[in-house]
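What follows is one structure encoded as C-alpha cells, with my remarks underneath.
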Amino acid sequence: MENIVVQVSKYVIIFLVMVYSLYGFVVFRVRKQETKLLFYRHQMTLMYLMHLLCYLLLFVHFLDVKYIFLYLVQVVFFGVITWVYKKVYRNMSLLVLNHMCFLLSVGFVMIARINLALAIRQFVMVAAGMSICLVVPFIIEKFEGLGQLGWGYAIAGVALLLTVFVPGLGVSKYGSRNWIQVAGIGLQPSEFVKIIFVLFAAGFLSKTKKFKNIVKISCLAAVYVLILVAENDLGGALIFFVAYLSILFVATGQPAYILAGFGGFASASLVAYRFFGHVRTRVEAFRDPWSTIDAGGYQVANSLFAIGTGGWFGMGLGKGLPTSIPVSESDFIFSAISEELGGIFAICLLLVCVSCFIMFVNIAIKMTNSFYKLTAVGLSVIYIFQIFLTVGGAIKFIPSTGVTLPLVSYGGSSVLSTIILFSIIQGMYVLNQKNQQQNNQQQNNRLDRQGEKE
Amino acid sequence: MKMNKKKTLQKSVVSNGGIYAITYFFVLLFVVMVGYYVHFMVFESKDVINNSYNKRQDLLAESVVRGKIYGAGKEVLAETKTRGDGTEYRYYPYGAVFCHVVGRSEHGKTGIELSENFNLLTCSNKSIGTLWNELNNKKNPGDSVVTTLDVDLQKAAYEALGNRKGAVVALEPSTGKVLAMVSKKDYDPNEVSENWESLTEDADKESRLMNRATQFTYPPGSTFKLLTALEYVRENKKYEDFTFDCDGQEIFSGVKINCYHGSEHGKVDLKKALAKSCNGAFAKIGTELNFKKFRKLCNSFGFNTELPTDLVHTNSTFALKASSKKEEMPQTAIGQGDTLITPLHNAMIAATIANKGVMMEPYVVDHLETEEEEIVSQKEPVEAGRILKEKEAKQLTDWMKNVVDKGTASALSDFDYSVAGKTGSAEFDSKKSSHAWFIGFAPADHPKIAIAVIVEGAGSGSEYAVPVAKKLFKNYLGN
Ligand SMILES: [Zn+2]
C-alpha cells in the first residue's frame with residue numbers, strides 16, 4: 001500500500017508540474033482579467049499540492065518528523081508571504097509571484113532531500129530575504145533619483161567586488177576567490193554586485209548615446225568583468241558581460257556593439273584557454289568527461305549519470321543517488337532534480353523559468369522610463385542567462401561554469417540576490433502601473449474637458 | 001484610436017526592438033538546449049549510464065532482476081536465480097566455457113556482465129504488468145542481452161585448447177560478430193567466491209582471471225609476414241620477381257636469422273616464402289622496406305592505437321619507426337622483435353583480408369530484448385574502414401590458400417572447401433621456446449569465419465595451432 005502511494009505520487013507530481021508550466025504560457029494568450037486571475041489561483045493550488053506530495057514522499061522515505069514540521073512552516077510561510085506581497089506590491093505581476101513561490105518550493109524540497117540541515121538554513125535565509133524586500137517598492141517610489149546615481153553604483157560595485165581580496169575577509173572556495181566571511185557568515189559579493197552593476201549600466205546608458213561616452217562606460221564595465229576573471233569566477237564574469245551587452249544593445253539599438261562584444265569574447269576565451277589551467281580543465285571535461293572521469297570530468301560525468309539514470313520519470317524522491325554529484329545542492333541541483341523527479345519535471349522547470357523571463361521582458365517593454373526599462377532588461381538577462389549557464393553545464397551542453405540555479409539552488413547569497421532581483425522588477429512594475437493609471441486619468445480628464453467644449 | 005493616443009503620450013527614448021530581439025534570442029537558446037536535453041535522454045543516456053563509474057547499479061538492482069545473457073541461438077549463458085531464502089545469485093550453465101567473454105558479476109564485474117551492466121538492470125518493458133509490479137514493490141525482469149556467440153563453436157574451441165594456455169577468437173568477417181572467444185587457463189564463474197583467494201593469489205602464474213584473447217599481447221611471429229609481404233607489394237610493382245636463395249641461416253644487417261629448426265628452403269619466390277614461412281626471405285625483404293611507410297601500414301591495421309571495438313582490450317604495439325636502427329628490421333619483418341599483438345587483433349587482420357580489405361568493428365552483443373522478446377536495441381555492423389585494396393586482399397588470400405595447399409598448414413587441405421591461413425611460431429625467450437599461432441579463414445572464396453589461435457609455449461604453429469583451427473572449421477563449416 002505504502003509503495004502504491006509512493007509510486008502514484010511520483011506520477012501525480014509530474015502531472016501537476018506539467019499543468020502548472022502549461023498555465024505559465026497560456027496566461028500570455030488570455031485577455032480577460034478574470035480568467036487570468038482564475039488561472040493564477042489554479043497555479044497556486046497546483047504548487048501547494050506538489051509541495052505537499054513531495055514532502056509526503058520525503059517523510060515516507062526518511063521517516064523523520066522534522067520534515068513534517070518543515071513542511072508546515074513552509075506552507076504558513078507561502079500563505080503569509082503571498083498575502084503580504086499582494087498588499088505591499090499593489091498590482092504586481094501575479095505570474096511572477098507564483099513562479100517565485102514555485103521555484104522556491106522546488107528548491108526547498110530538493111535541498112531537504114539532499115541535506116535537511118541545509119534546507120532549514122536555506123529556508124531561514126529565504127524568509128529573511130522576502131521580509132527585507134518588502135521595502136523595495138517603497139524605496140523605488142520615494143527615491144525618484146535612482147537613475148542619477150551612475151557613479152555611485154559604479155564605485156560601490158567595484159568596491160564590493162574587491163572585498164574578496166582584503167586579507168582576513170576574502171575566502172577561496174572551489175578554486176574561486178569570490179567569497180567573504182563576515183561575522184561567521186559566508187557571502188558572495190558578486191551575487192549582489194550583479195544588481196548594482198545593472199543599475200550602473202542602466203543609469204549611464206539611459207542618458208547617452210554618444211560613442212565617446214559609450215566607450216568610457218564600456219571600459220568601466222570591463223573593470224568589473226576583469227575583477228571577476230581575477231577571482232576565477234568565470235561564470236560570474238560571463239553573466240556580467242552578457243548583461244552589459246544586452247543593456248548596451250537595447251539602449252543604442254546598434255547590433256554592431258553585439259558583434260564587437262562577441263568578437264572580444266571570442267578572443268578573450270582563446271586567451272583564457274591558453275593561460276588559465278582551470279579553464280582548460282573545464283573545457284576538457286566538457287569535451288570528454290569520460291577519459292578524465294577521475295579528475296576534471298568527475299562532476300559532469302556524475303551529473304550525466306544522474307540525469308540518464310533518472311530517465312523521464314525519475315527514480316523517485318529519496319530513491320536516487322544525487323549526493324554522488326559534487327555540490328548537487330547548489331551548482332548541480334538541476335541534475336539532482338532530473339534524477340529523482342525525472343526529465344519531464346526538469347523540462348517543465350525550465351519552461352517555468354522561461355515563462356518567468358518572458359514576463360520580465362513584458363514588464364521591461366511596458367516601462368516608460370528608460371532607466372527602469374534598461375534595468376529590467378539587464379535583470380531579466382542576468383536571470384535567464386544564469387539558468388542557461390547552470391543547466392547547460394549540468395547537461396554538458398556547454399562547459400560547466402559553476403553558477404547556481406536562481407531560487408532553487410542552495411546558497412544564501414544566491415537566493416537573496418535573486419529575491420532582490422525579483423523584487424526590483426516587481427517594484428518597478430508597480431510604480432509604472434501607478435504612473436500609467438495617473439496618466440490615463442489625466443488624459444481621460446482632458447478628453448472629457450475637450451468633449452465638453454465641443 | 002484610444003490606444004494610439006496612449007502611445008504617443010509615452011515619452012520613452014529607448015525603443016523596444018532590441019528587447020524583442022533579446023527575448024527571441026534567449027527563448028531560441030532554451031529551445032535548442034531543451035532539444036539537446038531530449039536528444040541526450042533518447043539517444044545517449046543508455047550508453048552513458050552503462051558505465052562502471054556510475055554508482056547507481058545497486059539502486060536499480062533493488063527493483064529489477066538482472067537480465068539474462070544468451071548465446072546467438074538463445075542458449076542461456078548467464079541468469080539470475082533465487083535461493084530458498086530469497087537471495088539472488090548468478091548462474092552460469094556452461095561453467096568455465098564462457099568465463100572470460102561473458103564474465104562474472106561478483107568480485108568486480110567483467111566481460112559482458114560489466115559492459116552491459118546497466119542494460120541488464122533496466123526493464124524496458126513498460127506495460128500495465130510491470131507498472132503493477134512497480135506499484136506492488138515487486139521486481140521487474142531486466143532486459144536480456146543476446147550475444148553473437150555460437151555456443152557449439154565456443155565449446156569446440158574450449159575443448160580443442162584442452163589443458164594448454166592459449167586463446168581462440170573467431171569472427172564473422174562480413175559483420176565483425178564475435179562467434180567465439182576462449183581464453184585458457186579459465187575458472188568457473190559459479191564458484192568464483194569460493195575460489196577467489198587462490199584465483200587472485202595466482203601462485204602458479206596461470207592468470208586464470210585474465211582474458212588472454214583481448215588482454216594479453218604476444219609476438220605475432222610468422223603470422224606477421226602477411227603484413228611484411230603486403231608492404232613489399234606496395235613498395236615494389238614487380239614483387240612477383242622477388243627471389244631468395246635460402247640455406248637455413250644468414251646474416252642481415254648484422255643480425256643472424258635462422259629458418260625454423262634450420263630448414264633449408266632453397267630458391268623461393270614471395271609465394272613460396274610465405275608458404276614455407278622462410279625467415280631468411282622475409283628478413284631480406286625487411287632490409288629493403290621503408291621504415292616510415294611500414295609503420296604507417298601497421299598503424300592503419302590498428303597497431304599503436306585503440307582497436308575499433310567496444311570490447312575491453314590491450315593495444316597492440318609496433319615499435320619500429322622512421323628513426324629506428326637498421327638492426328631492428330630483420331627481426332621485425334619476421335614478427336619477432338618488439339612487435340606485440342592480441343589474439344583478437346590478429347583475428348581482425350585475418351577477417352579484414354577475408355572481407356576483401358574492409359575491417360569490421362568486432363562486437364559481441366547482437367541485441368537487447370525484453371523478457372517478452374521485444375527488441376530494445378539492435379546492434380548494426382560498423383565498418384572500421386577499408387584497410388586494403390580489394391586486389392591486395394585477393395593477392396594475400398591466394399598466398400594464404402597456398403600456405404594451406406602446399407605449406408605449413410597443409411593439415412587443413414582435406415576439407416571440401418578451401419581454407420586460407422598462415423601459421424606462426426613466435427619465440428618469446430632466449431631458450432627458443434615458442435607460441436604456436438594460426439590465423440586464417442574459410443571458405444577462402446566466400447569466408448564465413450575468420451580465426452586466430454594461439455597456444456602458449458607449445459612449439460610450432462603447424463603442430464599445435466593448426467589442429468585447433470581444424471576442429472573449429474570442422475565444427476562451423478563441416479567437412
Ligand atoms: Zn628459409
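A few comments on the model shown:
- Exposed-site-free run, longest, chain A (rule: trypsin sites (Lys or Arg not before Pro); DSSP loop; at most 12 other C-beta within 10 Å): A:211-454
- Basic side chains Lys and Arg get +1 at the Cβ, acidic Asp and Glu get -1 at the Cβ, and with that the dipole of the protein assembly as shown about its Cα centre reaches some 4820 debye.
- Close amide H partners of A:GLY296, meaning residues 5 or more places away or on another chain with modelled amide H under 5 Å apart, do not exist here.
- Of the listed residues A:TRP151, B:TRP399, the order by accessible area with a 1.4 Å probe, largest first, is A:TRP151, B:TRP399.
- Cα gyration tensor category, rounded, prolate or oblate, for chain A with a/c compared to 1.5: oblate
- Percentage relative contact order, chain B, counting C-alpha pairs under 8 Å, at least six apart: 15
- Environment charge at A:ILE425 (Cβ cut-off 12 Å; Lys +1, Arg +1, Asp -1, Glu -1): +2
- Among the listed pairs B:LYS284/B:LYS321; B:LYS271/B:LYS326; A:LYS319/B:LYS46; B:LYS267/B:LYS394; B:LYS296/B:LYS379; B:LYS68/B:LYS205, those whose Cα-Cα separation exceeds 29 Å are B:LYS296/B:LYS379; B:LYS68/B:LYS205.
- Heavy-atom accessible area, 1.4 Å probe, ligands and nucleic acids excluded: residues of segment A:313-357 down by at least 20 Å² from chain alone: A:MET315, A:LEU321, A:SER324, A:ILE347, A:LEU350, A:VAL354, A:PHE357
- Per-bin percent of Cα-Cα distances, the protein assembly as shown [10 Å]: 2, 11, 17, 17, 14, 12, 11, 9, 5, 2, 1, 0, 0
- In segment A:88-182, a dipole from Cβ-located charges (positive for Lys and Arg, negative for Asp and Glu) runs towards its positive end, and of A:TYR89, A:GLY147, A:MET125 it is A:MET125 whose Cα lies farthest in that direction.
- Here the dipole of chain B is about 2120 debye; that uses its Cα centre as origin and unit charges on the Cβ of Lys and Arg (positive) and Asp and Glu (negative).
- With contacts taken as Cα pairs under 8 Å at a separation of at least 6 residues, segment B:270-389 carries a relative contact order of 22 percent.
- Each Lys and Arg contributes +1 and each Asp and Glu -1, all at the Cβ; summed about the Cα centre of segment B:215-477, the dipole is approximately 1300 debye.
- Average beta-carbon neighbours from other chains, 10 Å sphere, peptide A:388-397: 4
- Binned Cα-Cα distance frequencies in segment B:215-477 - 5 Å width, integer %: 1, 6, 13, 18, 20, 18, 12, 6, 3, 2, 1, 1, 0, 0
- Between helix B:151-161 and chain B there is an angle of about 40 degrees, using the helix long axis and the longest principal axis of the Cα atoms.
- The fraction of accessible area contributed by carbon and sulfur in segment A:93-183 is 72 percent, rounded to a whole number (1.4 Å probe; ligands and nucleic acids excluded).
- Anisotropy class of segment A:104-204 from Cα gyration tensor, a/c 1.5 cut: oblate
- Area of A:LEU248 that stays accessible when all protein chains are in place (1.4 Å probe, Å², to 10): 10
- For segment A:367-454, the carbon plus sulfur part of the accessible surface works out to 44%, probe radius 1.4 Å.
- Between A and B, buried accessible area from a 1.4 angstrom probe totals roughly 4700 Å², ignoring ligands, DNA and RNA.
- Accessible area in the full protein assembly, largest first, 1.4 Å probe, for A:THR163, B:THR228: A:THR163, B:THR228
- Å² per residue, accessible surface of chain B at 1.4 Å: 45
- Against chain B, whose longest principal axis is taken from its Cα atoms, helix B:390-406 shows a tilt of about 50°.
- The P(r) of segment A:9-60 has a tail past 17 Å containing 39 percent of all C-alpha pairs.
- A:HIS61 accessible area, 1.4 Å probe, all protein chains in place, Å² to nearest 10: 80
- Relative contact order, whole percent, for segment A:326-429 stands at 30, derived from Cα pairs under 8 Å and 6 or more residues apart.
- Share of carbon and sulfur in the accessible heavy-atom surface of chain B [1.4 Å probe, %]: 49
- Buried on assembly, segment B:52-90 (at least 10 Å² less accessible surface than by itself, 1.4 Å probe): B:TYR53, B:ASN54, B:LYS55, B:ARG56, B:LEU59, B:LEU60
- When A:SER291, A:SER423 are compared by accessible surface with a 1.4 Å probe, the order from highest to lowest is A:SER291, A:SER423.
- Share antiparallel - DSSP beta bridges, chain B, percent rounded to 5: 90
- Positive-end extreme of charge dipole, the protein assembly as shown - chosen from A:SER380, A:PHE305, B:ASN355 (charges on Cβ): A:SER380
- Under the combined filter of DSSP loop state and at most 13 neighbouring Cβ atoms within 10 Å, segment B:118-176 retains these trypsin sites (Lys or Arg not before Pro): B:LYS126, B:LYS138.
- Each helix, a run of at least 4 DSSP H residues, gives -39500 (n - 2.57); summed and divided by the residues of the protein assembly as shown, these come to -18000 deg cm²/dmol at 222 nm.
- With all protein chains modelled, accessible area of B:SER410 [1.4 Å, Å²]: 60
- Note that segment A:308-454 presents 27 Å² accessible area per residue, ligands and nucleic acids not counted, probe 1.4 Å.
- Simple rule: put +1 on each Lys or Arg Cβ and -1 on each Asp or Glu Cβ in the protein assembly as shown, find the dipole, and look at B:THR148, A:MET110, B:THR408; the Cα lying farthest toward the positive end is A:MET110.
The values are calculated or read from the model by the stated rules, or taken from the named source; none is laboratory data. Since the structure is predicted, the reported quantities are computational estimates derived from the model, not experimental observations. FYI the Cβ positions are ideal-geometry reconstructions off the backbone, even for glycines, and counts take in every protein chain you see. Keep in mind that these areas ignore ligands, DNA and RNA; they rest on the heavy atoms of the full protein, side chains included. Shrake-Rupley method; radii C 1.70, N 1.55, O 1.52, S 1.80 Å.
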